[in-house]
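**Student:** Have a look at this one.
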Amino acid sequence: MRGFERHINEFHQRGVEVVAISVDSPAESQKLCQSRGYRFPFLSDPKAETIRQYGVLHAKGGEGGKDIARPAEFLLDAGGTIRWVNLTDDIRVRASPESVLAAIDRLAL
Amino acid sequence: MVRLAGLKRRRNILNWAGFAVVLVAFVSYIPFFALFPATRDIPWANYLLFLVGGALIAMGVRRAFRYPERHAGRISGLVLASLSALLFAFFVVGVTYFSKQIPSAESALRVSRKAPSFVLVDTARQPVSSVDLLKHHRGLVLVFYRGYW
């Protein structure tokens, strides 16, 4: 997340928006954004509906057996087609913003 | 071992310094080294700290056993060495096993599939629609994350 924040201008220069999605409530996300200074939208999917639709549900992965999202990054083009996906198998290892920017340039979105 | 009268044994600082370094190696990953991809994906900086801490304790224990008349810390050295080994084992299991306990991504949507549209609320509780976002942008990156509960 910090990486995306650091490179957010490069995404915006390319006309690409970044949004973060989790089951956290708007209030929890707001706290996170304020403390870390994130400027891109953090969206709340408390029932994990969108998370389920994208197939990135981690059933009972949260505290108290709560359904949460597994880490994943998707790149959509303006037509709403998925053009690039990163699915890690390790919660520590996330897609770097540089690799997403490289995919945007390679795909010439 | 007979202690020479009048010769005070010195506290074995190496044991404690080594253990302090091991503690730093153990606790620094999440709040610090995990913030940078270079030290996050492969936690080499933490491994290096464990190595330095372990070496210091090894030196401390060695001199405590070799020169017991000069250096204290045989028992503390062994206890701290065992604790360090435990912390190291826990760290390794954490970064090689526990962090991989996520379901397989087999059901995740793949490239060239149509992305499901969504309307979700942002931190100001305002609805944000993916269709609207795509109208005004050439692309959209969705970053799914576990959340902080």
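**Student:** Of the heavy-atom accessible surface of chain A (probe 1.4 angstrom), what whole percent is carbon and sulfur?
**Tutor:** Here it works out to 46 percent.
**Student:** So between A:Ser25 and A:Arg2, what do we pick up on full extension, going 0.36 nm a residue minus the alpha carbon distance?
**Tutor:** Gain on extension, A:Ser25 to A:Arg2, equals 6.3 nm.
**Student:** For chain A, just list the percent of Cα-Cα distances falling in each 10 Å bin from zero outward, please.
**Tutor:** Reading the bins upward from 0: 13, 43, 37, 6, 0.
**Student:** Let me ask something else about it. Hydropathy first: keep DSSP H helices in chain B averaging at least 0.0 on Kyte-Doolittle, then drop any whose Cα extent along the axis falls short of 27 Å, and list what survives.
**Tutor:** Helices meeting the criterion: B:44-66, B:74-96.
**Student:** Follow-up. Add +1 for every Lys or Arg and -1 for every Asp or Glu among the other residues with Cβ under 14 Å from the Cβ of B:Val131, and state the total.
**Tutor:** -1
**Student:** How much length, in nm to one decimal, is gained on full extension between B:Ile75 and B:Val27, taken as 0.36 nm per residue of separation minus their Cα-Cα distance?
**Tutor:** Result: 14.8 nm gained on full extension.
**Student:** In the range B:59-113, what trypsin sites (Lys or Arg not before Pro) fall in a loop by DSSP, with at most 16 other Cβ atoms inside 10 Å?
**Tutor:** Counting only loop positions with at most 16 other Cβ atoms within 10 Å, the trypsin sites (Lys or Arg not before Pro) in the range B:59-113 are B:Arg70, B:Arg110, B:Arg113.
**Student:** Here's a follow-up. Taking all protein chains in place and a 1.4 Å probe, what share, in percent, of the accessible surface of chain B do carbon and sulfur account for?
**Tutor:** 68 percent
**Student:** So, for the range B:105-149, what is the accessible surface per residue at a probe of 1.4 Å, expressed in square angstrom?
**Tutor:** 57 Å²
**Student:** Still on this structure, I have one more. Which loop-located chymotrypsin sites (Phe, Trp or Tyr not before Pro) does the range B:66-126 contain, where loop means any DSSP state but H, G, I, E or B and the Cβ has at most 15 other Cβ atoms within 10 Å?
**Tutor:** Those that pass, being in a loop and sparsely packed, are B:Tyr97.
**Student:** Need one number: buried accessible surface between chains B and A, 1.4 Å probe, both sides summed, DNA, RNA and ligands left out, in Å² to 100.
**Tutor:** Summing both chains' loss of accessible area gives about 5600 Å².
**Student:** Give the distance, in whole Å, between the Cα centre of the range A:81-106 and the Cα centre of the range A:1-43.
**Tutor:** What the calculation gives is 16 Å, centre to centre.
**Student:** Next question. Based on the Cβ-Cβ distance of B:Arg9 and B:Ala85, what FRET efficiency does E = 1/(1 + (r/R0)^6) give at R0 = 22 Å, to the nearest 0.05?
**Tutor:** Once rounded, the FRET efficiency stands at 0.30.
**Student:** Can you pick out the pairs among A:Lys31/A:Lys66; A:Lys66/B:Lys135; A:Lys66/B:Lys114; B:Lys114/B:Lys135 whose Cα atoms lie more than 22 Å from each other?
**Tutor:** Those over the limit are A:Lys66/B:Lys135; A:Lys66/B:Lys114.
**Student:** Same structure again: Name the long-range amide H neighbours of A:Ala69: under 5 Å, sequence gap of 5 or more, or other chain; modelled H, no Pro or chain starts.
**Tutor:** Amide H neighbours of A:Ala69, under 5 Å, 5+ apart: A:Val23, A:His58.
**Student:** I'd like to check one number: the per residue accessible area of the range B:6-70, probe 1.4 Å, reported in Å² as a whole number.
**Tutor:** I get 60 Å² per residue for this part.
**Student:** A:Tyr54 accessible area, nearest 10 Å², 1.4 Å probe?
**Tutor:** Number for this one is 0 Å².
**Student:** Could you work out the relative contact order of the range B:19-127? I mean the mean sequence separation of Cα pairs under 8 Å and 6+ apart, divided by the number of residues, in percent.
**Tutor:** Contact order relative to length: 23 percent.
**Student:** Quick one: P(r) of the range B:19-122 from all Cα-Cα pairs, 5 Å bins, percents rounded to integers, in order of increasing distance.
**Tutor:** All Cα pairs considered, the percentages come to 2, 11, 16, 14, 12, 10, 9, 7, 5, 4, 3, 2, 2, 1, 1, 0.
**Student:** Run the quick spin-label model on A:Lys66 and B:Ala58: label points 7 Å from Cα toward the beta carbon, then report their separation in nm to one decimal.
**Tutor:** Inter-label distance under the simple model: 4.4 nm.
The values are calculated or read from the model by the stated rules, or taken from the named source; none is laboratory data. Every value quoted in this text rests on a predicted model; they were computed, and no experiment measured them. Quick reminder, even Gly has a Cβ in these numbers, built from the backbone with ideal geometry, and neighbours come from all protein chains shown. Each accessible area value is taken on the protein alone, full model and side chains, heavy atoms only, with ligands, DNA and RNA left out. Shrake-Rupley method; radii C 1.70, N 1.55, O 1.52, S 1.80 Å.
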